[in-house]
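Below is one structure, written out as C-alpha cells, with a few remarks after it.
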Amino acid sequence: MADITGNFRLGPDNGRVVLKTSRAGLAARAGHDLTIEVTRWSAQIEVPDEQAGGVTAATVSAELDLGSLEVREGTGGAKPLSDRDRGEIRKTMGGIIGTGTASFTSSRIVRVGSTGGGSVEVEIGQVGIGEEASRVVDGSRRIIARREFLIAMAKCELCELRDYTQRYADFVHPFKFTILDCDSCDTPMAVLGDHRAVPTDEEKAFMIEALSLVARAKYGADKFGIDDVMRQIPDHCHMHARPIRRWQY
C-alpha cells in the first residue's frame, strides 16, 4: 500500500466526536450511562513523506466546540432518559465546562501494522476534559477509520448533590454542609460543602453531632455508628450514620 502523505482537514462531515460517560459512586442507581456528541469540531492531520519521518512524524490537532454538546443516548438508570433530563444534563455540562473550545494535539504517533496507520497519543488541554487518550488512525486515504475520539469527563458527585433521596438539612453556618440519605446505601450521610478530603477538628465534630441527631431519630439512640471511611469518593469529606444490626449488639 502506498504511503499516505499530505495535509488533511476533518470535521462533522467526515465523522463523529463522541463522549462516553459512565455511572459510579452515589449516582450509580439514579444516573445514566451517556453518549454525548460534539456536533461542531475540526481536526487537522499533517503527514510528512517517509524521508521526513512518515506516519511516526505526523501531527494531529483538533478543536471541539464545548457549546455544541448534544445528549444522544442514555442507558441504565432508575427510569428512561427524558427530554427534560437531556435539558438538565445540557445545562449542567454548560455550568461545568462552559461554552468555549477544548483542544488537543498529538504528543507521539506509533506505527501500527503494515497498512500505514498509527496509534495517536493525545494531550488534551482543557480543564474537565481529561489528560490523555490513545486512538488508532487507520491507514486509509483519509487517515480515519473509527472516526471517534472517546473523551472522559470527570466530576465530583458530592459537589453536585441532587435531590434523588431524602434531604434532612442544609447548613450554611458555621460552615456549609448537607445531611441527606446516600443513594447507594440508603443511610444518612453528612457531606462537607467544600471539595476537600480533610475537615478541621471543629468541622468534623459539628458534622458528627448534627448527623447523630438525624440517626437517633431514624434508628434510635445507641443503635447506629458513625462511619467516616470514604470508600467511593476519597477526596471529598463525607461520613455515614450506619445502623447497628442486631447481631452486632
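What follows is calculated from the coordinates using simple rules that are stated; it is not laboratory data. Note that the coordinates shown come from a computational prediction; the quantities given were computed from them, not determined experimentally. Here Cβ is always computed from backbone atoms with ideal geometry, including for glycine, and neighbour counts include all displayed protein chains.
A few comments on the model shown:
- Reach of LYS91 by Cα under 30 Å, taken over lysines that are not fewer than 8 positions away in the same chain: LYS20, LYS79, LYS155, LYS176
- Residue-by-residue Karplus 3J(HN,Hα) for the range 59-69, coefficients 6.51, -1.76, 1.60, Hz, glycine and proline x: 10, 10, 9, 8, 10, 10, 7, 6, x, 10, 6
- Each of the peptides 176-183, 87-94 was scored by the mean count of other Cβ atoms within 10 Å over its residues; in descending order, highest first, they stand as 176-183, 87-94.
- Environment charge at HIS240 (Cβ cut-off 14 Å; Lys +1, Arg +1, Asp -1, Glu -1): -1
- Neighbour counting of Cβ atoms within 10 Å sorts the residues MET207, MET230, fewest neighbours leading, into MET230, MET207.
- Rg and Dmax [Cα atoms of the range 161-248; Å; Rg one decimal, Dmax integer]: 12.4, 38
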